[in-house]
Amino acid sequence: MASYRINNIELNNLVERAYSSSDNRNKAPFNTKDFWFNGSNRATKFPNEQYIGYYSGYSYSEDALGGNFKDNNTSLTASAIGCRPGKTYRYSVANGTVYINRFSDGEVWVSTTTNSRTGTKISTTSQKRKYFFLCVCGGGGGGGGSNSAQSGGGGGGGAYAYSVIELTLNYKHKLIAGARGSGGSKDNNGTSGGTSSIAFYTSHSSNTPAHTLLLRGGSGGKSGYNGGGGGTYGSTSGASTAYGKIHMIYYRNGASGGSRNNSGNSAAANFNCYMPEGGNITYLTGLGGSENNGGGGGGSPLGNGGNGGSNNSNGGDASGYGAGGGGAKYVVFSSRSGGTGAYGYVALYY
């Protein structure tokens, strides 16, 4: 088989390839040109492993060919290996801390320990993945508790962000998915959801991050005794269009919880997926919980708020990730607890 190289390195070790016929990333023109392998071009000879196209203007854009191959004196391009992330799910964690460890041989591991080849491998030595899409959501707040005369408010939803991250050799890349808030018991407010975060450090031993993004959790709903107000939404900190090794694509605050007798607010999301192939990412979740005397929980793009308590019941628990729990309904001569918020969330895609 004919072999094509740049500086004596095979193109298969330099250029991003499709690994199946279902890969919908645009293919590089190089595949159809007259650089033949045993009598046919790449598009014919290797239909399931064609090279992926390069497009300038994206934070992950890197050309692999560098003008070394031309067609009618026009330089051909193709994406550098590991530099064309897609929407295929690779890893996620709820309510926990993990490190993304990238090594010089191309392997990438998600682990509970920094600089370790333990846990889950999300890139092999042949894939050499360097950029990933990252989805992060803060935890949802718990609903407020009731007493014999007053219902509680719903918890707030956590903030959300979708970005491209660049993994750098010798960096420590730390991801935290925040905890869920607990529902309050009699006369007690719900607790706040935990903050989720992305933090990049210039060395594995450093404790001072060079790049940070915080997605705060929603606050807990107020108890009936404390007025039954809804929890406030979680907000973002450090979000921008270009933030060091973090390129922000979309971010938004969570939704606030409803005060007693009110529904929680919604937090649906629809945004460009930041790929040359186009298309949007749409989350049809994000609904606020309904009011049933107890306030509904606030939504997040990844989860629905819990319903407010009715018929002498506790507040409803949130579903999915990042949404707030519902407030409890008052019960004569007794009390009920608010619903539990949903966990914070971190997910990686390539």
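Calculated FRET efficiency, residue 62 to residue 333, Cβ-Cβ distance, R0 = 51 Å: about 0.15 to the nearest 0.05. Each principal axis of the Cα cloud of the range 206-350 was evaluated for its coordinate range; sorted largest first, these ranges are 59, 38, 20 Å. Net charge near residue 322: determine it from the other residues with C-beta under 12 Å of the C-beta of residue 322, scoring Lys and Arg +1 and Asp and Glu -1. Its environment carries a net charge of +3. Taking 26 Å as the straight-line reach from the Cα of residue 128, the lysines in range (excluding those fewer than 8 positions away in the same chain) are 27, 33, 45, 70, 87, 172, 174, 245.
Once the C-beta distance of residue 12 and residue 204 is scaled by a Förster radius of 25 Å, the resulting FRET efficiency is 0.25 to the nearest 0.05. Specify the inter-centroid distance of the range 1-74 and the range 287-350, based on alpha-carbon positions, in whole Å. Value for the Cα centre distance between the two parts: 50 Å. For residue 103 and residue 73, what is the calculated FRET efficiency with R₀ set at 35 Å and r taken between the beta-carbons, to the nearest 0.05? So the FRET efficiency works out to roughly 0.35. Measuring how big the range 147-197 is from its alpha-carbon positions, Rg and Dmax come out at 17.6, 59 Å.
What net charge do the residues around residue 34 carry, taking every other residue with its C-beta under 13 Å from that of residue 34, with Lys and Arg at +1 and Asp and Glu at -1?
Neighbourhood net charge equals +3.
Cα-based values for the chain, radius of gyration first and Dmax second, are 24.3, 87 Å. P(r) tail, the range 84-211: Cα-Cα pairs separated by more than 26 Å, 34% of all pairs.
Calculate the tail of P(r) for the range 70-111: the fraction of all Cα-Cα distances greater than 17 Å, expressed in %. Summing the P(r) of the range 70-111 above 17 Å gives 57 percent of all pairs.
Each residue of the range 1-80 gets 95 Å³ once the volume of the Cα convex hull is shared out per residue. Arranged from fewest to most other beta-carbon atoms within 10 Å of their beta carbon, 273, 137 become 273, 137. Counting Lys and Arg as +1 and Asp and Glu as -1 over every other residue whose Cβ lies under 13 Å from the Cβ of residue 347, the net charge comes to +2.
Laboratory data are not the source of any read-out in this text; all were calculated from the coordinates shown. None of the values given here were measured: they were computed from a predicted structure. When we count neighbours, we look across all protein chains shown, and the Cβ atoms used for this are built from the backbone with ideal geometry, even at glycine.
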